[in-house]
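Taking it in order: structure first as structure tokens, then the write-up.
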Amino acid sequence: MIKNTNNAEHYRWGNNCDGWILSGGSDLLVIEERMPPQTAEQRHYHTKSKQVFYVLSGTLTMELDGVLHRITARNSIEIQPNLPHQARNDSDQDVMFLVISSPTSRGDRLNAEI
């Protein structure tokens, strides 16, 4: 089945952020996410999951182990397990991105201190 934001399972998180599960399973999780301007997720880490954030549009700010990275459209950042990180949208427009996790990040998330 072809999946997109019109037919994928949708959920809300954070402060009016959206997620659409494009592929789910224990070995792989692919989510398209939208973060409105000036929003951020809780700083956290995963003990098993490696993640790739691939920006579709806008600019994503990723705090990764204390270092800020600005990822623009058609660029990505890879996050290894056990590295604290926080995705933020510091801009004045929506940011759209894919989050690819292997194995799945579901049930593998621990909040980290700022």
Test for LEU68: is it surrounded by fewer than 16 Cβ atoms within 10 Å (Cβ to Cβ), touching a residue at least 40 places away in the same chain (Cβ under 8 Å) and assigned to a strand (DSSP E or B): no
In this structure, is GLU33 outside any loop (DSSP other than H, G, I, E, B), open to solvent by less than 30 Å² (accessible area, probe 1.4 Å) and touching a strand residue (DSSP E or B) at 6+ places or on another chain (Cβ under 8 Å)? yes
Would you check if there is a residue in region 4-14 being more than 14 Å from the chain's Cα centre (by Cα), in a loop (DSSP other than H, G, I, E, B) and either within 25 Å of ASN82 (Cβ to Cβ) or of a type in the set (A, V, I, L, M) (or both)? yes
Go through region 75-85 and report how many residues are surrounded by fewer than 17 Cβ atoms within 10 Å (Cβ to Cβ) and of a type outside the set (D, E, K, R). 6
Only one of (1) open to solvent by 20 Å² or more (accessible area, probe 1.4 Å); (2) modelled with pLDDT of 95 or more; (3) of a type in the set (S, T, N, Q); (4) out of contact with any Ser or Thr (no Cβ under 8 Å at 6 or more places or on another chain) does not apply to THR39, and that is (1)
A careful count of residues in region 72-114 that are more than 14 Å from ALA40 (Cα to Cα), over 12 Å from the mean Cα position of the chain (by Cα) and either of a type in the set (S, T, N, Q) or assigned to a strand (DSSP E or B) (or both) gives 7
For residues in region 5-25 being modelled with pLDDT of 95 or more and exposed (fewer than 15 other Cβ atoms within 10 Å of the Cβ), which is farthest from ARG106 (Cα to Cα)? ASN6
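The values are calculated or read from the model by the stated rules, or taken from the named source; none is laboratory data. Keep in mind it's a predicted model, so treat the numbers as computed, not measured. All Cβ positions, even for glycine, are placed from backbone atoms using ideal geometry, and neighbour counts span all protein chains on display. These area figures cover heavy atoms from the full protein model, side chains too; ligands, DNA and RNA do not enter into them. Shrake-Rupley method; radii C 1.70, N 1.55, O 1.52, S 1.80 Å.
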